[in-house]
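Step one of this worksheet: look at the structure below.
The values are calculated or read from the model by the stated rules, or taken from the named source; none is laboratory data. Here the structure is a predicted model, which is why all the values come from computation and not from measurement. All Cβ positions, glycine included, derive from the backbone under ideal geometry; neighbour counts span all protein chains shown.
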Amino acid sequence: MKITGTHQISAARDRVFTVLTDPECLARVMPGCKGLESTGDGAYSIHLAAGVGPIKGEYAGTVQLTDIEAPSSYRMLVDAKGKTGFVKGEGKVELVEDGDATTVIYEGDVTLGGPVAAVGQRMHSSAAKLMTRQLFGAIEAEATAEEGEDVKHSIIRNTLRGLRSK
Amino acid sequence: MIPGTFDYHAPKTLKKAVSLLNEHEDAKILAGGHSLIPLMKLRFAAPAVVIDIGRVSGISRIRISDGHIQIGALTTHHTIGSNARLRRVCPVLPETANEIGDLQVRNRGTLGGSVVHADPAADWPAAMMALRASFEVAGPSGTREVSASDFFVDMMTTTIGDGEILSQIRIPEPPAGSGSAYAKMHQSASGFAITGVAAQLTLDESGNVSAAGVGVTGVAPIAYTASAVEDALVGKAPDEGAIAAAAALAADGVQDANEDHHASGEYRMHLATVLASRALASAAERAKS
Ligand SMILES: Cc1cc2nc3c(=O)[nH]c(=O)nc-3n(C[C@H](O)[C@H](O)[C@H](O)COP(=O)(O)OP(=O)(O)OC[C@H]3O[C@@H](n4cnc5c(N)ncnc54)[C@H](O)[C@@H]3O)c2cc1C
C-alpha cells in the first residue's frame, strides 16, 4: 500500500525536524506509542498500540532512520509485528521551508501481513490516512507548543481540530 | 478465531448498563454483535468486560408521535425494514435497512450498533445525515442529544464516550408532500456500500422543492451531507434536468476519497453523482404520489 502526501506545519523546519527525529518527541506524537527507545545509529525499538476506533493491535519492532540530511530529509524503515499481524514499511520524508512554516512531503510503501492484512482490506488506506492525520495533528501541537505549555492538552485539541476540519 | 476471556453482564435496564459500563475498566457494549464479535474473534478487540444490552427494555421500539420518529438503538435492521408504517411515512428507513447484508445480519444487527461502529461503508449513516437525525446518548450524569453531523467524528469514531450508551435515534417526521429513497452500489461479498446515497425531498403546493436532505456514505471517511446538492434543488421543480444538475454536485468538496481494491476514490465520487440522481428521482416520485 502506497502512502503519500504533504502536510503543512506552522513551525520552523529545524523544530519540525527535531520533533520528527527526537525519540522523546516522537514517542509523544506517535498515536498509540507505548514505548520508543533509541538503540543507536538512528535505530529505535518501538512498541505501539495502533488501530482505529475499536480495532486495536499491539505491535513491537524497530524503526530505522537512514540517509539523514538534517533538517531536510531522511529515509525510514519500519518493521513491527504483533498478534494481529505484521507491518513493514519504507519511506522518504522531506521537509521544505515555506515561509515561517514547513511542508512535510512523505512517500512510502507499507506492507501488511497476517490477520491485519487478511481482514478489513477495504479499510487499510482510509485507516492509514486517519492515523497520518492524527500524527500530523500531534506533530503540529508539539512543534508549535510554547515552552512550558502543557503539550498533552494541545495534542488532543489539535488532533480534534484536525479531524473536524476535514 | 476464539476470543480472549472476558466477563459478561446482561443488565435489564439502561441505567444499570450505564453504571456497569462506568464501573469497569475496558468494558464494551454488545448489541447485535455482528461487528463486535468478529473483531473479538480475530483479537482486534479484546475487552475485559462485555455488557450485553440485548435485554435492556425500552430501547428496541419504533414510535411515531409528536412530530418525531423515534427508534430505539437496539432496534434491528429487520424490524425497521419490515415496519409498514415507516414504509409510508419515511420509506428511506426501511429501504436502507433492507439493503444491509443478508437476512441473518439484518435479524441481529441493530441501528445503534451500526451508527456507533461508524464503518465508513455502513448504510445507515447516509440516511441519518439526509434525515437530520439526532442521537440520544445516556451517560453517568444523564442524557445528551447530539445531531448526526456532530455525532460522526472520523472513520469508526463517534462522539460517544467510553462510559456512554446510545439509547434513541430521533428523526423529524417528514411533512406532507415528502418522499425519500436510498440508492446503493453494494460490494457483492459483504453487502456493504461501496457508495450509498439517501435523499429526502419535500414539495410545496406548486410542486417545487421546499426542503431537501441528501446524505452520502462510502465515499469519505464518514458519511456527509451533500449540501451543494440540497441547495441546488430548493425552490426548483424536481424534474430530470434539475435533478441531474444537482446530483452532479454529490461529491463536491470531497478530498482523499476512500479507496481500496474494490473501487478507486475517483470511481466512488462518480458513483455518488449517479446514485444521488437515482435516489432523488425516486424521492421526487414518492413525494408527488
Ligand atoms: C456478513 C456481514 C455483512 C454486513 N453487511 C452490512 C451492510 O451491507 N451494510 C451495513 O451497513 N452493515 C453491514 N454489516 C454490519 C452490520 O450491520 C452490523 O450489525 C452493525 O454494523 C453493528 O450492529 P450490531 O448491533 O451488530 O453491533 P455490535 O457488533 O454489537 O456493536 C458494534 C459496536 O458498537 C458498540 N455499540 C453497539 N450498540 C451500542 C449502543 N447502543 N451504545 C453504545 N455503543 C454501542 C459496540 O460496543 C461495538 O463497538 C454486516 C455485517 C456482517 C457480519
Selection from region B:30-76 of residues free of Cβ contacts under 8 Å to residues at least 12 places away in the same chain and within 9 Å of the ligand (Cβ to nearest atom) yields B:38, B:39
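Listed here are the residues, each with its yes/no results for (1) within 16 Å of the ligand (Cβ to nearest atom); (2) among the hydrophobic types (A, V, I, L, M, F, W, C); (3) within 14 Å of chain B (Cβ to nearest Cβ).
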site	(1), (2), (3)
A:28	no, no, no
A:44	no, no, no
A:53	yes, no, yes
A:62	no, no, no
A:72	no, no, no
A:86	no, yes, no
Verdict on residue B:119 being within 8 Å of the ligand (Cβ to nearest atom), within 14 Å of chain A (Cβ to nearest Cβ) and touching a residue at least 40 places away in the same chain (Cβ under 8 Å): yes
With respect to the numbered conditions (1) within 8 Å of the ligand (Cβ to nearest atom); (2) within 26 Å of residue B:176 (Cα to Cα), which one is the sole condition not fulfilled by residue B:95? (1)
Residue under question is residue B:88, and the condition is that it be within 26 Å of residue B:186 (Cβ to Cβ) and without any contact (Cβ under 8 Å) to a residue 24 or more places away in the chain; does it hold? yes
Given (1) surrounded by fewer than 19 Cβ atoms within 10 Å (Cβ to Cβ); (2) in contact (Cβ under 8 Å) with a residue 60 or more places away in the chain, residue B:245 misses just (2)
Region B:69-84, subset part of a loop (DSSP other than H, G, I, E, B) and either among the small types (Gly, Ala, Ser) or within 14 Å of another protein chain (Cβ to nearest Cβ) (or both), residue farthest from the chain's Cα centre (by Cα): B:82
Could you run through region B:189-224 and say how many residues are more than 11 Å from the ligand (Cβ to nearest atom) and either outside the structural domain of residue B:271 (by TED's automatic domain parsing) or among the polar types (S, T, N, Q) (or both)? 6
Identify, please: which residue in region B:138-156 is within 14 Å of chain A (Cβ to nearest Cβ) and touching a residue at least 40 places away in the same chain (Cβ under 8 Å) and is, among those, farthest from the ligand (Cβ to nearest atom)? B:149
Could you check how many residues of region B:85-138 are part of a loop (DSSP other than H, G, I, E, B), surrounded by 20 or more Cβ atoms within 10 Å (Cβ to Cβ) and either small (Gly, Ala, Ser) or in the same structural domain as residue B:275 (by TED's automatic domain parsing) (or both)? 5
Given the criteria among the β-branched types (Val, Ile, Thr), surrounded by fewer than 19 Cβ atoms within 10 Å (Cβ to Cβ) and within 21 Å of residue A:138 (Cβ to Cβ), does residue A:110 qualify? yes
Select from region A:52-87 the residues that are without any contact (Cβ under 8 Å) to a residue 24 or more places away in the chain, more than 30 Å from residue A:14 (Cβ to Cβ) and of a type in the set (Gly, Ala, Ser) and list them in ascending order. A:53, A:60
What number of residues in region B:170-188 are part of a strand (DSSP E or B) and near the ligand (Cβ under 10 Å from one of its atoms)? 2
Can we say residue A:35 is exposed (fewer than 15 other Cβ atoms within 10 Å of the Cβ) and under 23 Å from residue A:130 (Cα atoms)? yes
Scan the helices (runs of 4 or more DSSP H) fully inside region B:203-289 and keep the ones with 1 or more residues being under 20 Å from the mean Cα position of the chain (by Cα) and within 14 Å of another protein chain (Cβ to nearest Cβ). B:265-288
When region A:111-132 is examined, which residues are found to be away from every other protein chain (no Cβ under 14 Å) and touching a helix residue (DSSP H, G or I) at 6+ places or on another chain (Cβ under 9 Å)? A:111
Selection from region B:26-68 of residues that are within 14 Å of chain A (Cβ to nearest Cβ) and assigned to a loop (DSSP other than H, G, I, E, B): B:26, B:31, B:33, B:34, B:35, B:42, B:43, B:44, B:45, B:46, B:47, B:48
For region A:88-129, how many residues meet the condition of being farther than 17 Å from residue A:9 by Cβ and over 17 Å from the mean Cα position of the chain (by Cα)? 11
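Yes/no per residue for (1) within 16 Å of the ligand (Cβ to nearest atom); (2) touching a His at 6+ places or on another chain (Cβ under 8 Å):
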site: B:78; (1), (2): yes, no
site: B:87; (1), (2): no, no
site: B:91; (1), (2): no, no
site: B:101; (1), (2): yes, yes
site: B:106; (1), (2): yes, yes
